[in-house]
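Each remark here refers to the structure printed beneath this line.
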Amino acid sequence: MPLRLCESARSMATVTLDGVGKDHGKAQILGSLSFEIADGELLVLVGPSGCGKSTLLRCIAGLDELSRGRILVDGRDVTQAAPRDRDLAMVFQNYALYPHLTVRENLAFGLKMRKMPAAEIAQRVNDVALLLGLETLLERTPQKLSGGQCQRVAIGRALVRTPKAFLFDEPLSNLDAALRTQMRVELKRLHQRLGATMIYVTHDQVEAMTLADRIAVLRQGVLQQLGTPTELYERPNNLFVARFLGTPEINVVDGKELMQKQFMATLPDRAVKVGIRPESIHFVADGKPARVDLLEQLGWESLVHLDCDGVRLVARVSANAPTVGATVGFKIDDRALHYFDRDEKRL
Amino acid sequence: MKPSLAIRISIHALLLAACAITLYPVAWVVKTAVTPRQSFSPSPNPWPSTWSLSNFRDVLGTHQGATWLFGRQLLNSLLVSASVTIVGVVLACGAAYALSRFRFIGRDFSLRGFLLSQMFPGVVTAIPLYILLDHLQLLNSLAGLVLVYSTTAIPFCVFMLKGYFDSLPHELEEAVLLDGGTHFDAFFRVILPLSRPALAVTALFSFLTAWNEFILAATFMSRPASYTLPVAMQNYVGDFSTEWGHFAAGAVLVSLPVMLLFFALEKHLIGGLTEGAVKG
Amino acid sequence: MTLGLVLHLVVWHAYHGAEESAFEHATLAFETANPGVSVELVAVPFGAYSYKLEAAIPHGNGPDLFVGKSNGLQEWIDRGLIDAIDAEVDPSQFVSGTLPPLIHHQRLYGVPLAFKSVALFYRRDRITKPPRTTDELVAIAEREHAADRCGLAYEAASLSYHAAWLHGFGGRILDDNNQPALDSAEAARSIEFVRMLANRHLIAEEATGQLVTDLFNRGECAMAISGPWFLSDIEADVRFGVASLPIVSSTGKPAAPLSEIEALMLPARSKTHAAALNFALFLSGKDAARLRALEGRQTVATAATWQLDEIKNDPVLTAFYDQFKLAVPMSQSRALQASWEPGQRALRRVLRGDVDAKRALAGAQAEIVATLRPAPPPAAKLPFAISLFALGLALLWWRQRAQPEVAFRSQPVAYVYLAPAAVAMGVLVFVPFVVGAAMSLFDYDGVHATFVGWGNFGNILRARDTSLFSPLSFYFALLVTALWTVANVALHVAIGVALALLLRSPLLRLRGVYRALLIVPWAVPNYITALIWKGLFHKQFGAINALLKVCHLEPISWFAHFWTAFAANLATNVWLGFPFMMVVTLGALSRIPRELEEAAALDGASAWMRLRHIVLPLIRPALLPAVLIGAVWTFNMFNVVFLVSGGEPDGSTDILVSQAYRWAFQRGHQYGYAAAYAVLIFLLLVAQTAFGRRMSQKQAT
Ligand SMILES: Nc1ncnc2c1ncn2[C@@H]1O[C@H](COP(=O)(O)OP(=O)(O)O)[C@@H](O)[C@H]1O
Ligand SMILES: [Mg+2]
């Protein structure tokens, strides 16, 4: 049954941002963003809190007006269009379910607004309920739902309309860790199944990495990098992106210090900072000696905090974790080093 | 968390005391109403020594020719008060929504204007108001009265409702907009249904504004059959002497519908519907 | 006669009870005798009567005829509200003395219906022969007092009642030139006499009309001074007689009450004068007058009626007739109207023992003169216009400075929502406001307007009419009003919130019942409950003093001191106002999720800390508008102050609005002056809210 939904949901579209900018009074919230989200792509917008992710999403949805630039959906300029005419669906961080309506009515609301025949509405609501496992909750009001259930309803409300694209604003941030992981998987599966265009906002890099086809990293309203998760992880454009993606965070060490303390022999010109991913530190018997400062056991792998001559590094090792206080030898995989210049740009 | 017995008993004791103080003066109204005399004696004991319905009979039985005046005036009062409630709340809803949700030129000015309108004492505006109604051909009509009372009720309703709307999350309306609705859909299908407690308070307030007023009604209306109840009741108060029995019986009768209204609205007053509107 | 030719007359009156039904029956008789005319009687509540006449007649919406009193005559003529009667009226038709008060500049302005003056009522079960002199009266009262009753009850503090003694002692309110003459030695002696009665507990304390009725009916006083209207208040089982007021023993002159004539008057601009006059003459005719006398117990002005046996043999009516012969007609002058309030104040002060009679009367005299002071001089328009323009510019500059324009995209759909309310408010509030505010620039009595520019404001702000520290000065009233507003709002909120918190628990039994009972004060019309509160605070008979006595505390003379009178007003208004705050708070409370408080409780917060840090901040946004508007209403809360303390003592508890009201209606219709008060009140409130807003903004940041 849900198949029909999937098929009808294939009215997908590209979303194009062309020099999009937004000011609040004198403060610039979004600089000038230009990029395209391809048909069927799941783009994750990621960045620290307050960097303008929600603002951008709301601009795309038409809830906020742009100060500059254009937005195109499927090639059509919708910059001046009302939200209802853009045919996009949005899932809010706090869900924004209509508290006075039952789940069924919540799901049906958007369809009613679009004057769909009652029979078709019922059909679609049932399909979505089945898809999201909401069948038994249809007659309840949102007060009587758990957080995860509310979340599902909020997603359902977007799905049922089969819009051109889906916008998610930190939809999982109000859920507990276990539920978040579970929902994340479900969302990913949903996306694979529907093949829908989605823009997904989060400040959680794990979510970004696991979900995204492509990631856009935003900082103070300016796009830092856009690419696949692997691209971003392996070739971050700047220190900010490097730091933002990956747990534990990338080790950043002053280049001069490394040279002085003879971690490495050469340093490229203009390199000021060096990034070392935790997994590119390997323990070898004849390596540089370091003292184990702290140990974080994660089961199948461990994070080892090292202190080597005053330089602090975190290493990720999958087995044979040393004991705290012990001295171990390590070596850094040269090819995995990231060099950044004075402006924190990648070299 | 169920409070302990001692706490519950002290809550009841406090509430009973409050009720006693509240009802003590009202007991005289009742006492005066059921005592078959026209005088009024404030003695410490509020319990009536005699009981009679004669005052109620007199007040209820007023006639002018074949017209049952009391019935007619009750109808007028109900019509006026109900209309004021509707007009006041409806107009105020719109204004409050605009003030709460939109940015527009004159917003600040309007918001202040509503408050300012309550600040000019009625002592000197009543006669200009009379002249105005005369020009608008609204003297002697219930519609005129409805308009005048509405202007007293609206500012309060606007303030109350704006405060309430402000506290509703914007995302609710934005969800409607994305769902393909307009601002009007958001307003009528989501915001208003959610505002029942505030609407109930403002409705009660508007109703009472109109229900108890007599000076303007007596000035603007010139037919006993078009009087509202308070005007008719005020007729028992003379220059030198007052028919207290009749007046009190009238006061009791006038208060009854208000109590009924309160009972009807009380469920909504204490609604709590928005709990869980948004999580987090 | 066809229906189309039926002439319709509308007659306004403020009668109620027996007088009203007698009036109706007389009218029916007229309609039977004149099939071509139908008459509609409209009873207008007394409280709105003159107001309504003044509003309706100048705009041609008045009645064809109305019942008015002789003492308002000059005012009404000046304001062009009534027309003279052009037809010949035979003076011998009326009881002598009933026509002159209706004549102004040799023209007759009303057809007299009845005369009204007070006389002495006495209970036959107490007194066989009414006192003929004040000495006899004192003796009887002493006897009654010995039996733990009071001898005489009347509104001793009212100048209109006191006038009888005043005349008996040889004094007058106004001299022959209608100038105030209260500061005479005779007047002082008359007040000393009443003070003697009060000191010896021979008269009821703080008597109001309602208390006099009650005492007389219950037999707690043997004598009362009142007018014909009192007849309908006396209960059927009370045997009583009426006699002329006694002769003042020390002067040998009779105590002569004031009298006024009730007459049918012709409103200006009505086109039915002839027919209306016809009706008036019928009602003052012998048969109609007989009906009014017998059924309505009116002391009719028709001479022939008094020849009828059934009237002649009526001891009560004839007693009033005899008293009328001795009475002093009330002056038509507006000086008399301006005398009531200061006179009453002087009487109260003396009765309380605050000052001696001479000083009190001198004060009253000065107040009357001040009220009647000449208007500010007419002002030239040009300087005024220039000053107004400058003021406007200054204001504009200030606003410009205070609020630099913020550019934003306007959302026009807002106007669709806002327009209906804004238009209604704009028309019905803004227009009267502008007219009212414009009035403040004139010396305006309802008809004649002289432009005086800022004159009224100057007089108020320089406290020209009174000393700066007198309770009548603007600044004193301002202080009282500020105190009044703050105290009320604080108590409204505190009590309202406290009760709402108590009522909040969903587990509480009878919650709905409590809630319903606690809003009763809001539901009952406040006119009656305010008077009940006044009764509760009565010194001699009030429940509150009775309660104090039970607790072995001294009874308090509530309205004799500023703070107690203020407290009485406050108690009444708090009682009236807390249900509103309670309901608002209940609504706000219902929106606070329980979990929030429970979480705090788990965090170890005490009940008080939860209230202070969680509940109160959360209901604050909902309460704020209610408090803001509530403050404005309280600032302008006229009813309670007027009905409960009435400004007592010495006008000190009057707030700004009740002062404005007194200038408009009790001190010779100085509308311009009252309007200037209103404008000042308005400006004060604007300043107050602006200030309050700045404060709350500061707090927020
Ligand atoms: N109405 C507003 N006026 C001024 N600044 C705003 C407004 N709304 C948001 N901002 C600012 O815009 C920035 C971006 O906000 P937002 O898009 O909500 O960030 P996030 O990336 O956390 O979703 C923030 O610094 C915030 O302070
Ligand atoms: Mg956000």
Are any of the residues in the stretch A:256-276 touching a helix residue (DSSP H, G or I) at 6+ places or on another chain (Cβ under 8 Å) and at positive phi?
no
Could you list, in sequence order, all residues of the stretch A:49-69 that are among the small types (Gly, Ala, Ser), near ligand 1 (Cβ under 7 Å from one of its atoms) and part of a helix (DSSP H, G or I)?
A:SER54
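Between C:ALA43, C:ALA48, C:ALA22, C:ALA56, which is buried (at least 19 other Cβ atoms within 10 Å of the Cβ), of a type outside the set (Asp, Glu), in contact with a Gly (Cβ under 8 Å, 6 or more places away or on another chain) and facing another protein chain (nearest Cβ under 9 Å)?
The unique qualifying residue is C:ALA56.
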Residues located in the stretch A:30-65, provided they are surrounded by fewer than 20 Cβ atoms within 10 Å (Cβ to Cβ) and either more than 13 Å from ligand 2 (Cβ to nearest atom) or more than 17 Å from A:LEU167 (Cβ to Cβ) (or both):
A:GLY31, A:SER32, A:SER34, A:PHE35, A:GLU36, A:ALA38, A:ASP39, A:GLY40, A:PRO48, A:SER49, A:GLY50, A:GLU65
For C:LEU166: the one exception among (1) surrounded by 18 or more Cβ atoms within 10 Å (Cβ to Cβ); (2) touching a residue at least 60 places away in the same chain (Cβ under 8 Å)
(2)
The helices (runs of 4 or more DSSP H) lying wholly within the stretch B:10-129 that contain at least 1 residues that are of a type in the set (Val, Ile, Thr) are B:54-60, B:69-101
State whether one or more residues within the stretch B:116-133 are aromatic (Phe, Trp, Tyr), more than 12 Å from chain C (Cβ to nearest Cβ) and within 23 Å of B:TRP211 (Cα to Cα).
no
Taking C:TYR109 and the conditions (1) of a type outside the set (S, T, N, Q); (2) in contact (Cβ under 8 Å) with a residue 40 or more places away in the chain; (3) not assigned by TED's automatic domain parsing to the domain that holds C:ALA275, which numbered condition does it fall short on, given that it satisfies the others?
(3)
Of the numbered conditions (1) buried (at least 21 other Cβ atoms within 10 Å of the Cβ); (2) over 18 Å from the mean Cα position of the chain (by Cα); (3) modelled with pLDDT under 85, B:ARG223 satisfies every one except a single condition; which is it?
(1)
If we scan the stretch A:181-201, do we find a residue that is within 15 Å of the chain's Cα centre (by Cα), in the same structural domain as A:THR102 (by TED's automatic domain parsing) and polar (S, T, N, Q)?
yes
Go through (1) away from ligand 1 (no atom under 12 Å from the Cβ); (2) within 14 Å of chain B (Cβ to nearest Cβ); (3) closer than 30 Å to A:ALA242 by Cα and name the single condition A:ARG86 misses.
(3)
Here are some residues: A:ALA208, A:ALA196, A:ALA216, A:ALA154. Which one is small (Gly, Ala, Ser) and either surrounded by fewer than 21 Cβ atoms within 10 Å (Cβ to Cβ) or away from ligand 2 (no atom under 16 Å from the Cβ) (or both)?
A:ALA196
Write out, first by first residue and then by second, each pair whose Cβ atoms fall under 6 Å of each other, whose residues are 6+ apart or on separate chains, and whose first residue, in the stretch A:45-59, is away from every other protein chain (no Cβ under 14 Å) while the second is more than 6 Å from ligand 1 (Cβ to nearest atom) and charged (D, E, K, R).
A:GLY47/A:ARG219; A:CYS51/A:ARG219
Name the strands (runs of 3 or more DSSP E) wholly within the stretch C:91-186 that hold at least 1 residues that are closer than 17 Å to C:TRP340 by Cβ?
C:111-117
Which ones in the stretch C:605-637 are aromatic (Phe, Trp, Tyr) and farther than 24 Å from B:PHE205 by Cα?
C:TRP608
Looking at the stretch A:148-163, can you tell me whether even one residue there is more than 16 Å from ligand 1 (Cβ to nearest atom), of a type in the set (S, T, N, Q) and farther than 22 Å from A:ARG86 by Cβ?
yes
Could you run through the stretch A:218-259 and say how many residues are away from ligand 1 (no atom under 16 Å from the Cβ) and farther than 21 Å from A:ARG316 by Cα?
10
Determine which single condition A:SER173 fails, assuming it passes every other condition in (1) within 16 Å of ligand 2 (Cβ to nearest atom); (2) under 20 Å from A:ASN106 (Cβ atoms).
(2)
Of all residues in the stretch A:107-121, how many are more than 9 Å from every other protein chain (Cβ to nearest Cβ) and in contact (Cβ under 8 Å) with a residue 12 or more places away in the chain?
3
Give C:PHE476, C:PHE457 a once-over and let me know the one that is among the aromatic types (Phe, Trp, Tyr), touching a residue at least 12 places away in the same chain (Cβ under 8 Å), part of a helix (DSSP H, G or I) and in the same structural domain as C:ALA678 (by TED's automatic domain parsing).
C:PHE457
Inspect the stretch A:203-217 for any residue being within 16 Å of ligand 1 (Cβ to nearest atom), part of a strand (DSSP E or B), out of contact with any Leu (no Cβ under 6 Å at 6 or more places or on another chain) and closer than 18 Å to A:THR16 by Cα and give the result as yes or no.
yes
Consider the stretch A:70-90. How many of its residues are in contact with a helix residue (DSSP H, G or I) (Cβ under 7 Å, 6 or more places away or on another chain) and part of a strand (DSSP E or B)?
4
Pick out the one residue from A:VAL73, A:VAL44 that is at pLDDT 90 or above and within 16 Å of ligand 1 (Cβ to nearest atom).
A:VAL44
Taking the options C:VAL489, C:VAL574, name whichever one is in a helix (DSSP H, G or I), under 22 Å from the mean Cα position of the chain (by Cα) and either outside the structural domain of C:PRO621 (by TED's automatic domain parsing) or of a type in the set (Val, Ile, Thr) (or both).
C:VAL574
Inside the stretch C:85-100, the number of residues satisfying the requirement of being among the aliphatic types (A, V, I, L, M) and over 17 Å from C:PHE279 (Cβ atoms) is 2
From the option list A:LEU145, A:LEU167, A:LEU172, single residue qualifying as within 12 Å of chain B (Cβ to nearest Cβ), without any contact (Cβ under 8 Å) to a residue 60 or more places away in the chain and within 16 Å of ligand 1 (Cβ to nearest atom) is A:LEU172
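The values are calculated or read from the model by the stated rules, or taken from the named source; none is laboratory data. Everything quoted here is computed from the prediction, not taken from an experiment. Glycine also receives a Cβ, built like all others from the backbone with ideal geometry; neighbour counts cover every protein chain displayed.
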